[in-house]
1. Count, please, the residues in the stretch 333-353 that happen to be under 20 Å from residue 18 (Cβ atoms) and touching a strand residue (DSSP E or B) at 6+ places or on another chain (Cβ under 7 Å).
2. Give the stretch 1-27 a look and list any residue that's more than 18 Å from residue 218 (Cβ to Cβ) and touching a residue at least 12 places away in the same chain (Cβ under 8 Å), or say none.
3. Go through the stretch 353-368 and report how many residues are under 17 Å from the mean Cα position of the chain (by Cα) and more than 12 Å from residue 274 (Cα to Cα).
4. Yes or no: the stretch 218-232 includes at least one residue that is touching a residue at least 12 places away in the same chain (Cβ under 8 Å), part of a helix (DSSP H, G or I), surrounded by 23 or more Cβ atoms within 10 Å (Cβ to Cβ) and not assigned by TED's automatic domain parsing to the domain that holds residue 188.
5. Kindly indicate whether any position in the stretch 51-69 is buried (at least 16 other Cβ atoms within 10 Å of the Cβ), modelled with pLDDT of 95 or more, out of contact with any strand residue (DSSP E or B) (no Cβ under 8 Å at 6 or more places or on another chain) and within 24 Å of residue 206 (Cα to Cα).
């Protein structure tokens, strides 16, 4: 009996990609071996953070890095660093920003659920644009004496936001740093450096998504002095970042996962996904009332193939009913139902994303879908 059976928790097949609600990505057993090894001795955490961060930075090819607790934790910590720097008095006052610059420029079209992490540090978001379009003059007009930094979110309503190059150029012309939340945009591996190379000052990544690291770890990449400010605002110090404690096991696990991802996993995972999608599409061809096809990429900057299932207008089951039956079966299967971007009308389709599927699960998914759709 494993731990989930012992607790009475159902194990599911995740066809949603790296959703946190389903546990993110799965770790390679070799990462777990490193974490176990790391758990068997004591070290000075600040030294470990500094040296692990530099090792990670050298692996990726950026100036500096800090390992923290996931992308949302990285947003809070980076925001604290950009507000308070390394000043002990300011660090201890957060989220009280009295006497500090505390405004953050963000395109209205890019407001997102995770920006609460930025506000938790004490920042006040200043929106530019109207949600449908954004102009350079609007950003110029919004920047003032209280502006602390600027926040940009890749793959989030980019068409309605100011283009990153223009956004970054205006920020830097005013001496303002740019923070980029690139949490889940891996693969491809080249995305790890993309925004740093384009001029971003700090870039956030989740460790437990495309990088296959610990679910409770993440990366902040960027300029050395800003990474030093992240360290000053983080655990083990008594700061706003103290609740963002990342253990020695997760730090070492993140290093191991990143090495494996860059040197090995990133070079083979695409072939596995393609074989899964090919099998499922072939098995479901000819199913009444449904069109099944491969779609690539999953998102413009995320190179994952997916299977699209589009239901006909006269299909006896709705997409919602198919999804419900998948979740209520044994084992439960979870698939995402995006409303746009995959060629079907809202409510008339869903996708199967192999990013977090284990070899062999594609056969289970294809069989269950065939049973539900044929019936």
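1. Residues meeting the conditions: 11.
2. 10, 11, 12, 13, 14, 15, 16
3. Of the residues in the stretch 353-368, 1 are under 17 Å from the mean Cα position of the chain (by Cα) and more than 12 Å from residue 274 (Cα to Cα).
4. No: the stretch 218-232 contains no residue that is touching a residue at least 12 places away in the same chain (Cβ under 8 Å), part of a helix (DSSP H, G or I), surrounded by 23 or more Cβ atoms within 10 Å (Cβ to Cβ) and not assigned by TED's automatic domain parsing to the domain that holds residue 188.
5. Yes, the conditions are met somewhere in the stretch 51-69.
The values are calculated or read from the model by the stated rules, or taken from the named source; none is laboratory data. What you are looking at is a predicted structure, and each value in this text was computed from that prediction instead of being measured. Positions of Cβ are generated from backbone atoms using ideal geometry, with glycine treated the same way; all protein chains shown enter the neighbour counts.
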